[in-house]
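Encoded as structure tokens, the structure appears first; notes follow it.
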Amino acid sequence: MNGIEHPSNGRTAYHFQPAKNWQNDPNGPMYHNGIYHFFYQYNPREATWGDGKLSWGHSVSGDLVNWAALENALDATAHFDINGCYSGSATVLEGGRPAILYTGMNADMEQVQNVAFAKNPSDPLLREWEKPSCNPVIPIPADVTGNNFRDPTEAWRGRDGLWRVGVGAEVGGLGSILVFRSADFLRWERNAAPLHVSSQQIPELECPDLFPVAEQGTVGLDVSTPSGPGVTHVLKLSDLAREDHYMVGRYDDAAETFLPGEPERGVDCRNWRRFDHGHLYASKSFYDARKKRRVLWAWVDETDGGGVARGWAGLQAFPRAMWLDADGKRLVQWPVEEIETLRRKRVGLERATEVEAGGTKEIAGIVSSQADVEVVFEIPNLEEAETLDPKWLLDTPGLCAEKGASVHGGVGPFGLLVMASGDLEEHTAVFFRVFRHLDTYKVLMCTDLTKSSTKEGVHKTSYGAFLDVDVEKDKFLSLRTLIDHTVVESFGDGGRTCMTARVYPEHVATSSTRLYVFNKGTCTVKVSKLEAWELATAAMNGGASGSVEP
Ligand code: DQQ
């Protein structure tokens with residue numbers, strides 16, 4: 001049902017959403033017997049997190065694009081989860097039986113770890129899940145403080161055949177990842193050494209993930225792939241500032257420790273690398289055996305407080321394939337290729353086009369409220385680059401706010417204006433700006449939301465990051481942006497720097513949205529490639545879709 005029918009009620013066209021109500025963290029994504037399963041934190045009663053008595057929503061897909069909703073996999077019904085079935089993971093056990101490990105908020109309001117098994121593993125949809133009465137399988141340990149003990153990782157199997165799972169815990173006031181071992185998924189024993197211990201500034205860590213990545217190439221690895229030549233690991237943590245961070249390093253499966261590849265960044269994960277410099281949280285990845293890739297899911301919350309009025313709240317970022325960059329330190333993320341099945345009308349530039357100082361060019365001919373845009377800029381010379389005040393080196397969002405899309409510069413700002421009204425009173429700018437710094441150049445990527453909506457009460461911040469590029473040598477900067485009504489996901493430098501934003505423009509109620517390329521620098525830039533596709537509306541859990549936008 002991939003029509004160009006556009007969604008109503010502010011819904012998105014191809015980002016994962018249940019038909020109604022609240023969703024937050026992605027839980028237990030898995031590919032099993034030819035079907036993709038996606039579970040998520042779900043409040044079936046209303047469009048807020050509410051009393052926290054959350055369920056695990058469950059949807060299935062054949063292509064990661066079109067989704068069908070099933071009954072909830074888990075509801076808060078037992079003494080060990082009566083106050084909420086919180087986040088966790090899915091693991092396929094020997095013999096092909098899928099199991100879920102999740103955090104239950106029990107009758108005493110304690111966080112405990114529970115297991116649930118697929119009731120009928122031969123049901124291709126895995127519709128029913130049963131919770132054994134021996135739950136909780138991991139009660140809260142005595143040394144855990146602040147009742148912070150949650151979000152089990154996908155379990156991995158060691159060379160000794162035992163399963164391991166990591167759980168976020170506050171131990172003596174320090175955010176830690178504890179590891180538990182089990183032969184049968186029911187009886188778990190704690191490892192003496194935690195996998196990770198943070199500084200005192202981070203007492204709580206949420207939604208940890210530990211997964212292997214190939215040192216070379218884009219192929220993904222199953223979570224139980226042992227460490228060894230050609231295989232390194234990634235430890236992912238979510239901190240309470242609502243940011244997701246990662247560190248590439250060595251998982252020593254004999255000592256069961258994680259050795260950071262960039263120890264100079266310390267144990268405070270706020271200094272680690274970020275998956276996304278915008279608004280994205282609680283991410284979780286899985287190994288997709290169908291296409292031999294690792295795929296990342298992540299929650300993208302509302303930023304206008306309008307969920308209740310719309311009857312739904314929260315999105316998932318479009319699934320991203322993820323692999324280790326050639327530098328061995330960064331992850332690269334790219335929308336899964338199945339997005340191309342939604343591509344319909346294409347517009348583009350036949351030849352390289354200059355955008356002069358102060359210039360704006362409309363990319364017309366497609367409905368750009370649900371679109372996939374790829375653009376490559378060429379920077380002919382860097383002489384006019386502004387000098388960077390070093391005070392901004394540690395505050396890229398601040399620099400993006402100070403030097404937003406409307407502030408003229410030397411080399412840049414140049415980029416895209418998306419979800420723009422015809423008079424440009426409303427627009428979201430995704431742009432680059434090049435600075436001279438010492439004897440080199442630094443490229444800033446920003447998403448500037450200051451003009452994204454004329455509505456009051458909407459979060460209109462600026463997101464920013466420096467790209468790790470040698471613009472003097474390469475001269476080209478690439479940007480891909482997925483636009484979907486209220487979400488704008490941008491991938492700079494081939495997916496090495498990502499930025500997700502929520503936007504709520506008012507003009508969409510009465511007029512169509514536009515897309516532009518712009519340049520507010522004094523230096524002319526060249527658009528050496530530009531392709532933009534209108535995307536069809538995916539089948540999304542039976543959610544309502546409305547008439548075509550004017
Ligand atoms: N959301 C879940 C918790 C998790 C938090 C509850 C992260 O399990 O720590 O909805 O957003």
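The values are calculated or read from the model by the stated rules, or taken from the named source; none is laboratory data. Since this is a predicted model, take the numbers as computed values, not measurements. Positions of Cβ are generated from backbone atoms using ideal geometry, with glycine treated the same way; all protein chains shown enter the neighbour counts. Areas reflect the complete protein model, heavy atoms only, side chains present, ligands, DNA and RNA absent. Shrake-Rupley method; radii C 1.70, N 1.55, O 1.52, S 1.80 Å.
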Notebook entry, point to check: Which one is nearest to Leu280 (Cα to Cα), of the residues in the stretch 497-510 that are open to solvent by 40 Å² or more (accessible area, probe 1.4 Å) and assigned to a loop (DSSP other than H, G, I, E, B)?
Noted result: Glu506
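Residue-wise test of (1) in a strand (DSSP E or B); (2) open to solvent by 40 Å² or more (accessible area, probe 1.4 Å); (3) closer than 15 Å to Ala420 by Cα.
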site	(1), (2), (3)
Thr447	yes, no, yes
Lys451	no, yes, yes
Lys455	no, yes, yes
Gly464	yes, no, no
Val469	no, no, no
Arg480	yes, no, no
Ile483	yes, no, yes
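I'd like the full set of residues that are part of a strand (DSSP E or B), in contact with a Ser or Thr (Cβ under 9 Å, 6 or more places away or on another chain) and within 22 Å of Ser238 (Cα to Cα), limited to the stretch 292-319. Give the derivation first.
Applying the first criterion (part of a strand (DSSP E or B)) to the stretch 292-319 yields 293-300, 312-313, 315-316.
Within this subset, residues satisfying the condition of being in contact with a Ser or Thr (Cβ under 9 Å, 6 or more places away or on another chain) are 293-300, 313, 315.
If the condition is that a residue be part of a strand (DSSP E or B), in contact with a Ser or Thr (Cβ under 9 Å, 6 or more places away or on another chain) and within 22 Å of Ser238 (Cα to Cα), then Arg294, Val295, Leu296, Trp297, Ala298, Trp299, Val300, Ala313, Leu315 are the ones that fit.
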Next item on the list: Could you run through the stretch 129-176 and say how many residues are charged (D, E, K, R) and without any contact (Cβ under 8 Å) to a residue 24 or more places away in the chain?
Entry: 2
Note to self: Checking the structure you have, find out if any residue of the stretch 268-291 is open to solvent by 10 Å² or more (accessible area, probe 1.4 Å) and among the polar types (S, T, N, Q).
What the structure shows: yes
Check: Considering the stretch 192-240 alone, what residues qualify as being within 16 Å of the ligand (Cβ to nearest atom) and among the hydrophobic types (A, V, I, L, M, F, W, C)?
Finding: Ile202, Leu205, Cys207, Leu237, Leu240
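Can you tell me which residue is surrounded by the fewest Cβ atoms within 10 Å (Cβ to Cβ) among those in the stretch 209-226 that are β-branched (Val, Ile, Thr) and in a loop (DSSP other than H, G, I, E, B)? Working first, answer last.
Restricting attention to the stretch 209-226, the residues satisfying the condition of being β-branched (Val, Ile, Thr) are 213, 218-219, 223, 225.
Applying the additional criterion that residues be in a loop (DSSP other than H, G, I, E, B) yields 218-219, 223, 225.
Numbers: Thr218: 15, Val219: 12, Val223: 22, Thr225: 18.
Among those residues, the one meeting the criterion is Val219.
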Next item on the list: Could you please give the count of residues in the stretch 227-267 that are within 25 Å of Ala192 (Cα to Cα), part of a loop (DSSP other than H, G, I, E, B), free of Cβ contacts under 8 Å to residues at least 40 places away in the same chain and open to solvent by 40 Å² or more (accessible area, probe 1.4 Å)?
Entry: 1
Check: Among the strands (runs of 3 or more DSSP E) contained in the stretch 135-208, which hold 2 or more residues that are under 29 Å from the mean Cα position of the chain (by Cα) and on the phi > 0 side of the Ramachandran plot?
Finding: 144-150
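Report, by residue number, each residue of the stretch 80-134 that is away from the ligand (no atom under 14 Å from the Cβ) and either touching a helix residue (DSSP H, G or I) at 6+ places or on another chain (Cβ under 7 Å) or assigned to a strand (DSSP E or B) (or both). Give the derivation first.
Let us first name the residues in the stretch 80-134 that are away from the ligand (no atom under 14 Å from the Cβ), namely 80, 82, 90-99, 107-108, 115-134.
Correct list: Ala90, Thr91, Val92, Pro98, Ala99, Val115, Ala116, Phe117, Ala118, Pro121, Trp129, Glu130.
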Next item on the list: Mind listing just one residue for me: the one in the stretch 48-72 that is hydrophobic (A, V, I, L, M, F, W, C), in contact (Cβ under 8 Å) with a residue 40 or more places away in the chain and open to solvent by 10 Å² or more (accessible area, probe 1.4 Å) and, of those, farthest from the ligand (Cβ to nearest atom)?
Entry: Ala68
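When you look at Ala78, is it surrounded by fewer than 21 Cβ atoms within 10 Å (Cβ to Cβ) and within 24 Å of the chain's Cα centre (by Cα), yes or no?
Details: surrounded by fewer than 21 Cβ atoms within 10 Å (Cβ to Cβ): yes; within 24 Å of the chain's Cα centre (by Cα): no.
The answer is no for Ala78.
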